[in-house]
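Chemist: This structure is in structure tokens; I'll ask about it shortly.
The values are calculated or read from the model by the stated rules, or taken from the named source; none is laboratory data. Worth saying up front: this structure is predicted, and the values here are computed from it rather than measured. As a convention, Cβ positions derive from the backbone with ideal geometry for all residues, glycine included, and neighbour counts pool all protein chains shown.
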Amino acid sequence: MTSRNASPGSVPFDRVAGIYDATRGLPPETSARFGELIAHEARIGSSGRLLEIGVGTGRVARAVAPHVGSVVGVDLSRPMLEQLRRQRGALPVHVARADATRLPLPDASVDAVLVVRVFHLIPAWRRALDEVARVLRPGAALVHAESGVPVLDAVSRRASRGSGFRVARAGAGERDRSLDVAGWPLDAEPASFSFQRSLVPAAMLRLIGERAFAWTFALSNAELETALGAARQAMREHFASLDDPVELKGVCRVERRRPPDA
């Protein structure tokens, strides 16, 4: 997020816009199922209006759009939004370059808000949640979704800890639990499903070295080398070979949350 209008400390994704989908994307059938599950948990029907905060390239918004009336996506990265515009085709996905802490929408104007691994990147996450509550219509919910491969997430956590990244993120632990800390209760039992993903471990190491992941953006070269060493060691503990493809289990999870006191 690089803009004079960005809240202080926002994480810039401009540099990875061209490779974002290739490094974070899901298999096509998994992506379609994820979008359907998000729409189901949003409970807004085929005419509802959904807002996604941190829409990026629209990899999730494009999967959700066929199941709702329209999606409005906001993001601070112009290059990410340009990727979305090129890929949305005729899907009802509309975008705005905007800060999550200052949403360009009227009060009570959307039927659901979607966030996918976003709040840990927003230092002023409490203000962003206040904005979510403001734009939600009465009775509407925040849908918090994430997809990941536990083994790879564990490698990233170990590498980022080894680099000192978490130490530098004041309040990061609280941000990672933002919805619980801010008192947004679950409105239903979380829904999830598993999927399989093929990966060559050495390819992930290359991506870390190329600073493809948000936690690497602000690292010095020395810190990045330390992180790479920690990631390489963690992978050697998990995989017999770093150069051979492996099949890994991933999980897509969706939560429906309601505003405090709603």
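Chemist: I'd like to check something: does the stretch 101-113 contain any residue that is small (Gly, Ala, Ser) and in contact (Cβ under 8 Å) with a residue 60 or more places away in the chain?
Modeler: Yes, the stretch 101-113 has at least one match.
Chemist: Considering only residues that are out of contact with any strand residue (DSSP E or B) (no Cβ under 6 Å at 6 or more places or on another chain) and closer than 13 Å to Glu146 by Cα, which ones fall in the stretch 34-53?
Modeler: Gly35
Chemist: Can you spot a residue in the stretch 25-38 that is outside any helix (DSSP H, G or I) and not hydrophobic (A, V, I, L, M, F, W, C)?
Modeler: For the stretch 25-38, residues outside any helix (DSSP H, G or I) and not hydrophobic (A, V, I, L, M, F, W, C): present.
Chemist: Let me confirm something: among Arg88, Arg43, which residue is in contact (Cβ under 8 Å) with a residue 12 or more places away in the chain, basic (Lys, Arg) and at positive phi?
Modeler: Exactly one residue qualifies, and that residue is Arg43.
Chemist: Same structure, new question: Going by what's in this entry, would Ile53 be described as buried (at least 19 other Cβ atoms within 10 Å of the Cβ), modelled with pLDDT under 95 and within 15 Å of the chain's Cα centre (by Cα)?
Modeler: No, not satisfied.
Chemist: A further question follows. Hey, can you tell me all the residues within the stretch 44-70 that are closer than 15 Å to Val118 by Cβ and assigned to a strand (DSSP E or B)?
Modeler: Leu50, Leu51, Glu52, Ile53
Chemist: So how many residues does the stretch 61-76 have that are within 19 Å of the chain's Cα centre (by Cα), at pLDDT 95 or above and farther than 16 Å from Leu129 by Cβ?
Modeler: 9
Chemist: Just name the residue that is farthest from the chain's Cα centre (by Cα) out of those in the stretch 84-100 that are under 19 Å from Ala32 (Cα atoms) and surrounded by 20 or more Cβ atoms within 10 Å (Cβ to Cβ).
Modeler: Top of the filtered list is Val93.
Chemist: List the residue pairs whose Cβ atoms are under 9 Å apart, where the first residue sits in the stretch 193-210 and is touching a residue at least 40 places away in the same chain (Cβ under 8 Å) and under 16 Å from Glu247 (Cα atoms), the second is surrounded by fewer than 16 Cβ atoms within 10 Å (Cβ to Cβ) and basic (Lys, Arg), and the two are 6 or more positions apart or on different chains.
Modeler: Note: pairs meeting the criteria are Ser194/Lys249; Phe195/Lys249; Gln196/Lys249; Arg197/Lys249; Pro201/Arg236.
Chemist: Right, something else. Name, by its number, the condition in (1) closer than 28 Å to Arg127 by Cβ; (2) modelled with pLDDT of 95 or more; (3) under 17 Å from the mean Cα position of the chain (by Cα) that does not hold for Ser31.
Modeler: (1)
Chemist: Right, here's the next one. What helices (runs of 4 or more DSSP H) completely inside the stretch 175-262 contain at least 3 residues that are surrounded by fewer than 18 Cβ atoms within 10 Å (Cβ to Cβ) and touching a helix residue (DSSP H, G or I) at 6+ places or on another chain (Cβ under 8 Å)?
Modeler: So the answer is 201-209, 221-238.
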